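The values are calculated or read from the model by the stated rules, or taken from the named source; none is laboratory data. Predicted model, so just to flag it, every value in this text is computed and none were measured. For the accessible areas, the whole protein counts, side chains as well, though only heavy atoms, and no ligand, DNA or RNA atoms are used. Shrake-Rupley method; radii C 1.70, N 1.55, O 1.52, S 1.80 Å.
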Amino acid sequence: GSIFALEQVSFADAGQLLPECSLRIKDYLGEMEKYFHIKHAHPVRGARKRSFFEKLAIKYRLPEALFPLLTWMDINRTKKLTPAQLAQYPYVDYFFYGVLKG
């Protein structure tokens, strides 16, 4: 079996955590690694701050055909952020992929 998950992870200081987003990356990985070999785990989007690409799509009402490219560009930009940069967001959407241990 495999697992694909998109979860809200926090990198913020404890005083900035939202009640609904209080789990850290180590919390998710700790539980998932009991049952799965995690192959990929990376941020895909910081919440509550629109990216340049989101602003561009909204402002200019770009054709939907461009959305996959803009999404790919935004994910690749987000994957390069450091934990300190990710801590600017109240939470970050984080992608996990793993295969069942067996």
Karplus ³J(HN,Hα) for the stretch 87-97 (6.51 cos²θ - 1.76 cosθ + 1.60, θ = phi - 60°; Hz, whole; x = Gly/Pro) runs 5, 5, 9, x, 7, 10, 6, 10, 9, 10, 9
Taking a probe of 1.4 Å and leaving out DNA, RNA and ligands, the stretch 22-91 shows per residue an accessible area in Å² of 72 Å²
Across 10 Å bins beginning at 0, the whole-percent shares of Cα-Cα pair distances in the stretch 27-102 come to 17, 39, 29, 13, 2
Length gained if Phe4 through Leu56 is fully extended, taking 0.36 nm per residue and subtracting the Cα-Cα distance, is 15.8 nm
In cubic angstrom per residue, the convex hull of the stretch 60-99 built on its Cα atoms measures 122 Å³
Residue by residue through the stretch 61-71, the couplings from Karplus 6.51 cos²θ - 1.76 cosθ + 1.60 with θ = phi - 60°, in Hz, x for Gly and Pro, are 6, 5, x, 4, 4, 7, 4, x, 5, 5, 5
